[in-house]
Every structure is written in C-alpha cells, then in structure tokens.
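Note sheet for the following structure.
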Amino acid sequence: ADGEGKVLRMLMFGKPGAGKGTLSSRLVKKYDILSFSTGDLLRQHIAEKTEVGRMAEEIVATGGLIPDDVMLKVVTSKLDALHNKHWILDGFPRTAGQGKLLDQHLHARDTPLSLVVNIDVADEIILGRISDRWIHLPSGRVYNLSYNPPKVSGLDDETGEPLTKRPDDNPETFARRLQTYYAATSPLLSHYAAQPSNITQLVSLAGATSDEIWPQLENVLNSAFPGLSQRQETRE
Ligand code: ATP
Ligand code: MG
C-alpha cells in the first residue's frame, strides 16, 4: 500500500444478500487488496465448534446479531493484520456500537476509513435470489444457481469441495435479517454521511445484480484510489 495516492480502507455496506461477499471477492481477486467478512468468520467458528461458534450458531441461524463485545473479540486481531494494506471489511460494523469501536480502533492508529460503499439492491430482488444461493464454507465463495453457477454442479470451482446451503438463507429467516438490518445497521449510513468526505467518502451503488454494480464499483475505486495495483495474473 505504498506509492501514489490514498490507502483504501473500505466498508462494503449493504442489506443481507446484497452481494457484498461476491463483490469483495471480485475486488480481492483482481486488485492487491485484503478483505475479511465477519459472516464468513462466524460460519467458520460454527463449523469448528469453537466457543464463539457454539454461542453464535443459534443467533446466526435465526437471523439475529452476535453481541458487540463478542464481535469485537472476533475482529480485533484481524484488524491489526490489515495495518498499512489496502483493505475491505464486509459485514462489520453492523450496529452503532460496533461503528464506534471501529472508529476508535482506527483513530488510535491514525488510519481512518477512506471509503464506505453502500450496495443498494431492492428487497424483492434479494428475496428472489437467496434461495438460489450456495456457498463454499471454508473460503466464503458464493454461487447463485441462476446467474453465477459453479462449473460443476454442487462443487466449488477452485477446490472441488462440496457447496452448502446457509441455514439462514430461507424466506422466514431472511425477513428477520432484513428487519435487523433496518433497525440496527442502516442507521450507520447517516453516521458515515456526516463524516468529512475528503476523509471518508460515502457512495451508494444501485443495481439488480452484482454484474451491474461491478463496473460502477471499479470506477469508484480507480478514480479515488489510483495507487491500487492489479494482481499479477496467476491463474485462468
Ligand atoms: P450477505 O452475506 O448475503 O451479504 P448477510 O450480511 O446477512 O448477508 P453475513 O454478513 O454473512 O450475512 O452474516 C451472517 C450472520 O452472521 C448475520 O445474520 C449475523 O447473525 C452474524 N453476523 C455477521 N456479522 C456480524 C456483526 N458484525 N455483528 C453481529 N452479528 C454478525
Ligand atoms: Mg456476506
């Protein structure tokens, strides 16, 4: 993260199922950026039956939020590993309290957020596609049977390992997650809108699919962060 221009310290913000994970992994694949998703992290804790995982399992499965103090423990060590790099957080912060903790953490290191991207997709569109969603749990890679299917049915493209369905990707739990989003998470947008835009820029990108949002997202990054370099082509 040296050379020209500003360092990318970005939140991938948006409703559940908006495509945050899909867009983050596209960015990480193409550019020299690190990212992590608290949802992926929690699903790994749950799969490994760690202490955090055992307490989180039911909350995640029913569309609630893990308490802020637990999230902080999960996230802190990860945040420190991002220092001095270009990075993206996906799924954190999700409450005003988490937002405050993140601000404090970054302020203490003099590394404020530089970009908040709100991925804006209509509720009906998201609802229509979550039942088609499958994931590769260890990597967090996301597939959609209608518009982004795996090369071999039921298997991850890169590892060949089996895909799984998230227990919270059903219409009932999705309704709860969306409610939680409106009540606890969306108020963070006005917090970021109130920041000086030369320090923390807030952008909303709308579209019906990640393919529609992707070129807009690349435009924002390329114009605001000209120092971002593309990864050397290693595969494909
Ligand atoms: P998508 O991954 O499709 O964008 P999402 O944002 O609902 O949807 P994840 O980010 O994967 O899904 O999170 C899944 C679940 O993990 C949440 O519903 C919540 O229970 C828990 N979770 C994830 N991040 C947090 C957080 N920052 N605070 C509290 N709970 C969290
Ligand atoms: Mg996600």
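Quick note: the coordinates plus some simple rules give every number you see, no bench work behind them. Since this is a predicted model, take the numbers as computed values, not measurements. Backbone-built Cβ (ideal geometry, glycine too); neighbour counts: all protein chains shown.
Things to note:
- Partners for K49 among aspartates and glutamates (Cα-Cα distance below 16 Å; same-chain residues under 8 apart left out): D40, E57, E58
- Pairs from the list K85/K165; K73/K165; K100/K165; K6/K151; K6/K165 with a Cα-Cα gap above 30 Å: K85/K165; K100/K165; K6/K151; K6/K165.
- Centroid-to-centroid, using Cα positions, the stretch 125-150 and the stretch 81-109 are 27 Å apart.
- Each Cα pair under 8 Å and six or more residues apart adds its separation to the average, and for the stretch 53-207 the resulting relative contact order is 33 percent.
- Check: the stretch 1-131 dipole with +1 on Lys, Arg Cβ and -1 on Asp, Glu Cβ, in debye: 240 debye
- Other residues with beta-carbon under 15 Å from the beta-carbon of N198 carry, at +1 per Lys or Arg and -1 per Asp or Glu, a net charge of +2.
- Restricting the stretch 117-155 to trypsin sites (Lys or Arg not before Pro) in coil, as DSSP defines it, with at most 14 other Cβ within 10 Å: K151
- Formal net charge of residues neighbouring A56 (Cβ-Cβ distance under 15 Å; K, R +1; D, E -1): -1
- Counting only Cβ charges, +1 for Lys and Arg and -1 for Asp and Glu, the dipole size of the chain around its Cα centre is about 180 debye.
- Sites matching GluC sites (Glu not before Pro) across the stretch 1-92 that sit in DSSP coil, with at most 12 neighbouring C-beta atoms within 10 Å: E4
- The alpha carbons of the stretch 171-235 stretch over 42, 36, 20 Å along the principal axes, in descending order.
- Here the stretch 136-178 yields Rg over Rh of 1.03, to two decimals, using C-alpha coordinates and the Kirkwood radius.
- The Cα center of the stretch 32-80 and the Cα center of the stretch 188-220 differ in position by 24 Å.
- Alpha-carbon gyration tensor eigenvalues x 5, square-rooted, for the chain, Å: 26, 22, 18
- Only Lys, Arg, Asp and Glu carry charge here, each on its Cβ (+1 for the first two, -1 for the last two); on that basis the stretch 157-216 has a dipole of about 400 debye about its Cα centre.
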